[in-house]
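The values are calculated or read from the model by the stated rules, or taken from the named source; none is laboratory data. Quick caveat: nothing in here was measured; it's all calculated off a predicted structure. Reconstructed Cβ throughout: ideal geometry from the backbone, glycine too, with neighbour counts over all protein chains shown. All accessible areas refer to the heavy atoms of the entire protein, side chains included, with ligands and DNA or RNA removed. Shrake-Rupley method; radii C 1.70, N 1.55, O 1.52, S 1.80 Å.
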Amino acid sequence: MPLSNAGDPDVPTLSERVMALIGWALLLYALGTLPFLVVSPGPDYLALHKPALRPPLSWYPQIWAGLYLSLALALWLMRLDADTGDPRTRRATQLFAAQYALHLLWAPLLFGLHAPLWLAMCLGAMLALMLVTLVAFARIRPLSALLLLPWLCWIGYGLWFYLMLWRMNAP
């Protein structure tokens, strides 16, 4: 993986690679925060009984920033020096986009529709897609798949948390 283009105009320069990483990070962060422009936790969510095993609310900005950075690094690394026309790269990118699209539904499902069971089902689908995505990334660049593990764990935790939330607050 050369870090300079050594005169080859088809090979990205180091600054172009860094800009691509920054671009992925900004895109994922912007998309991830977009649902909160429409819905946010209200008093009804705050009043729900929640499982005791949860991080303090003050930790969430750092958790999300770390997760988005890990996702951006994974996506950037998987696509680094990859032929974007290669079917494996295209499939891995499409799988990543599909699971991320499901991620964008969680705030509207929970805070807009007040539907933790639907959210848990969405997270179950997201977990399955993320496992397939992880395998697709590993086939291209194993380190990129390792960078997806925090996200996979967070999805699994979210699935458990929202199933418990639903159970604890069922009518």
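Whether any residue in the stretch 20-43 is surrounded by 13 or more Cβ atoms within 10 Å (Cβ to Cβ) and outside any helix (DSSP H, G or I) is what I want to check. For the stretch 20-43, residues surrounded by 13 or more Cβ atoms within 10 Å (Cβ to Cβ) and outside any helix (DSSP H, G or I): present. If you check W118, W106 for being open to solvent by 60 Å² or more (accessible area, probe 1.4 Å), touching a Leu at 6+ places or on another chain (Cβ under 7 Å) and not basic (K, R), only one passes: W118.
Here is a check on your reading of the model: is R139 within 18 Å of W76 (Cβ to Cβ), open to solvent by 70 Å² or more (accessible area, probe 1.4 Å), without any contact (Cβ under 8 Å) to a residue 24 or more places away in the chain and assigned to a helix (DSSP H, G or I)? Working first, answer last.
Values: within 18 Å of W76 (Cβ to Cβ): yes; open to solvent by 70 Å² or more (accessible area, probe 1.4 Å): yes; without any contact (Cβ under 8 Å) to a residue 24 or more places away in the chain: no; assigned to a helix (DSSP H, G or I): yes.
So R139 does not fit the description; no.
Scan the stretch 144-160 and tell me whether some residue there is touching a Ser or Thr at 6+ places or on another chain (Cβ under 6 Å), open to solvent by 30 Å² or more (accessible area, probe 1.4 Å) and within 28 Å of A92 (Cβ to Cβ). Taking every residue of the stretch 144-160 in turn, at least one turns out to be touching a Ser or Thr at 6+ places or on another chain (Cβ under 6 Å), open to solvent by 30 Å² or more (accessible area, probe 1.4 Å) and within 28 Å of A92 (Cβ to Cβ). A single entry from M130, M164 fulfils the requirement of being modelled with pLDDT of 95 or more, over 18 Å from the mean Cα position of the chain (by Cα) and of a type outside the set (G, A, S): M164. Being assigned to a helix (DSSP H, G or I), over 30 Å from L165 (Cα atoms) and without any contact (Cβ under 8 Å) to a residue 40 or more places away in the chain is a condition met by no residue of the stretch 63-73.
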